Amino acid sequence: MKKVVALKVMIVIALSVTAIGCKKSSSSKNSSRATGWQINDREGGFQYNTNFKEQETAPGLVFIEGGTFTKGKVQDDVMHDWNNTPTQQHVQSFYMDETEVTNVMYLEYLDWIKRVYPPTDDNFRAIYHGALPDTLVWRNRLGFNEIMTENYLRHPGYAEYPVVGVSWIQAVEFANWRSDRVNEFYLEKAGYLKRDAKTLDVNADATFSTDTYINAPTQTYGGNEEVINGDGRNKRNVRTDADGNETGIYATRETGIISPKYRLPTETEWEYAALGLGELRSYNLYRGRKKYPWDGQYTRSGKRKVRGDQLANFKQGKGDYGGIQGWSDDGADITNAVKSYDPNDFGLYDMAGNVAEWVADVYRPIVDDEFNDFNYYRGNVYTKNAINDDGTVKVVTSDDIVYDTLSNGKVVARNLPGEILQVPVDENETYLRTNFDKSNAINFRDGDRRSSRNFESFNDDDEELESGDKSDVETRQMYNSPKHSISRDSLGNIIREYDKNDNRSSLINDEVRVYKGGSWKDREYWLDPAQRRYFPQDMATDYIGFRCAMSRVGSKSKSKNKTKN
């Protein structure tokens with residue numbers, strides 16, 4: 001009996017100690033190490049998410065742990081481009097789409113635009129038509145491809161095939177739209193937005209924008225308080241200050257609920273992710289280099305069950321887009337459904353073959369690793385929120401939409417209602433800075449005269465500077481590309497003027513972007529992730545698609561205790 005009583009006493013003591021420890025730990029967690037004040041006090045004061053664990057993996061993405069690798073060529077440069085000299089680079093951890101963006105994913109985007117900005121309205125017609133993929137990319141003057149022209153984008157038989165006919169500009173706009181829809185969903189799930197408002201309450205004058213919600217939450221959904229005050233599920237976050245005003249009604253970055261944005265991957269990220277070098281790792285070094293996203297030097301499988309089968313979808317030879325029918329072909333003549341081939345070591349599908357993919361970078365032949373070898377990217381154009389006279393951010397309305405006419409005559413919307421108007425950064429942000437000195441950084445250390453150490457600008461360029469953008473003049477001095485012009489007359493008819501100057505020597509300018517990876521239309525050589533090509537950012541083809549990426553916030557790794565080899 002005494003033993004039983006003693007055992008009960010010990011259990012009570014143990015539970016008491018545990019409770020006190022937990023209470024102390026909880027109290028310590030919500031106590032500031034800076035001031036000793038309480039964080040998240042019910043009476044008000046500093047509010048912060050002290051229970052945040054790590055970034056939630058957003059829809060469609062897989063985690064790519066960052067690291068160092070050698071970016072650049074593996075095999076002989078048979079094209080003599082001299083544009084992928086090996087350089088050592090370090091990539092920060094990020095997320096990337098498991099597959100290429102598919103037709104059904106893009107159709108969801110088109111459906112949303114059509115519902116919110118009806119193309120039957122003259123003011124919105126160009127928004128929808130500007131987002132439509134160019135289905136005519138399938139046409140060939142000596143080929144019969146009308147079945148793809150008419151069916152590839154919309155027919156359910158091609159639903160899980162990668163979308164094509166999408167320009168770089170359209171891919172960026174899709175990523176922006178996707179960011180807003182995912183954050184809209186997260187905020188609804190957390191109770192900050194009214195349930196189902198994303199479908200029931202949205203219209204051209206009442207939409208959700210992530211940036212607008214962060215900077216001016218009361219202006220999202222056109223100021224509809226019923227939507228932006230949520231449905232009561234987030235009341236646990238609401239506090240009342242000394243004056244009786246409620247705080248915590250709107251989610252902020254400090255809550256950890258708002259996700260970083262979807263975007264196109266940088267070229268360095270894409271190549272690192274495509275290689276999936278983890279399978280070659282031996283302690284703190286790689287055992288050689290990889291020619292393809294899979295290990296080995298061949299495009300056919302060596303596994304006994306599927307020996308001889310192609311590991312990717314590509315053009316195997318002249319007049320041979322898939323192999324002899326039946327056994328051991330690659331299973332496709334044009335594109336193929338995503339996940340038709342094995343993923344690489346990161347779990348990414350079709351990083352070789354199927355379609356080539358847009359990346360974020362402006363194309364230049366030289367990678368300047370001497371200046372930067374961390375998250376390398378060329379294409380930065382820094383902007384800031386436009387501010388009204390009363391100090392509030394300027395939110396675009398249906399009457400403020402700005403449209404751009406691209407070089408091919410297509411009209412696209414530069415901004416959409418509900419978004420914050422962006423303007424270039426000015427001297428208020430650049431004065432006496434050492435890390436950047438102007439808004440457009442595309443041409444920094446670009447090899448032209450203005451990038452040289454001792455260059456001084458005198459009167460030789462004044463006339464050009466007065467008539468155009470300074471950055472445009474800088475690029476023209478090194479990359480003498482054609483300058484076609486397009487305009488409209490008073491009736492709205494397009495006037496095209498082709499540059500027929502015989503002195504043009506390059507196709508490179510600030511409007512060409514890098515695309516990576518081989519496609520169904522390419523030979524084996526282009527399956528090497530190191531290969532790089534470029535294409536105008538406002539044009540599309542039947543062999544270039546894209547996938548999205550997202551930056552990682554917080555820790556480099558998801559696992560604190562890694563398994564050693």
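The values are calculated or read from the model by the stated rules, or taken from the named source; none is laboratory data. As the structure is a prediction and not an experimental result, all values here were calculated from the model. Note that each Cβ is placed from the backbone with ideal geometry, even for glycine, and that neighbours are counted across all protein chains shown. Ligands, DNA and RNA are excluded from the accessible area calculation, which covers all protein heavy atoms including side chains. Shrake-Rupley method; radii C 1.70, N 1.55, O 1.52, S 1.80 Å.
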Measuring from its Cα centre, the chain shows a charge dipole (+1 at each Lys and Arg Cβ, -1 at each Asp and Glu Cβ) which, in debye to the nearest 20, is 3800
Considering the Cα positions of segment 367-440, please state its Rg to one decimal place and its Dmax as a whole number of Å.
16.4, 47
Full-extension gain between S487 and R125, please, as 0.36 nm times their residue separation minus the C-alpha to C-alpha distance.
128.4 nm
Within the accessible area of segment 172-227 (1.4 Å probe), percent carbon and sulfur:
45
Can you tell me the order of 97-106, 81-90 when each peptide is scored by its average per-residue count of other Cβ atoms within 10 angstrom, highest first?
97-106, 81-90
Order 490-497, 362-369 from most to least packed using the mean count of other Cβ atoms within 10 Å.
362-369, 490-497
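Quick one: dipole size for segment 27-128, taken about the Cα centre, charges +1 on Lys/Arg Cβ and -1 on Asp/Glu Cβ, in debye to the nearest 20. All intermediate terms of the calculation are to be shown ahead of the outcome.
Working: 9 positive and 15 negative charges, 105 e Å.
The dipole of segment 27-128 has a size of about 500 debye.
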In degrees, nearest ten, helix 2-29 long axis to first principal axis of the chain (Cα):
50
Taking the Cα atoms only, what angle lies between the long axis of helix 168-189 and the longest principal axis of the chain, rounded to 10 degrees?
20
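Ranked highest first by average number of other Cβ atoms within 10 Å, how do 375-381, 161-167 line up? Walk me through the numbers before you get to the answer.
On the way: 375-381: 17.3, 161-167: 26.0.
The densest-packed peptide leads the list: 161-167, 375-381.
How big is the C-alpha Rg of segment 178-222 next to the rule-of-thumb value 2.2 N^0.38 Å, as a ratio? Before the final figure, lay out each step's value.
Working: Rg = 9.4 Å, N = 45, 2.2 N^0.38 = 9.3 Å.
This ratio for segment 178-222 stands at 1.01.
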Under a plain spin-label model, where a point goes 7 Å from the Cα along Cα-to-Cβ, how far apart in nm are N501 and F374?
4.0
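Using a cut-off of 9 Å between beta-carbons, work out the net charge of the residues near S93 (Lys and Arg +1, Asp and Glu -1, S93 not included). Please list the in-between numbers first.
Numbers: positive: R552, K556, K558; negative: E65.
Here the count lands on +2.
Please compute the per residue accessible area over segment 96-144 with all protein chains in place, 1.4 Å probe, rounded to a whole number of Å². Please list the in-between numbers first.
Working: 2550 Å² over 49 residues.
I get 52 Å² per residue for segment 96-144.
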Need one number: the % of Cα-Cα pairs in segment 307-352 sitting beyond the 17 Å mark.
31
For V393, the residues 5 or more places away or on another chain with a placed amide H closer than 5 Å to its own amide H are N388
Please list the three semi-axes, largest first and in whole Å, of the ellipsoid equivalent to segment 247-300, using sqrt of 5 times the eigenvalues of its alpha carbon gyration tensor.
39, 14, 8
For segment 283-442, treating each Cα as an identical point scatterer without solvent, what Debye log10 I(q)/I(0) comes out at q = 0.10, 0.18 1/Å?
-0.71, -1.17
Give me a comma-separated list of calculated 3J(HN,Hα) values for segment 330-338, in order, Karplus coefficients 6.51, -1.76, 1.60 applied at θ = phi - 60°, integers in Hz, x for any Gly or Pro.
8, x, 7, 10, 9, 6, 9, 4, 4
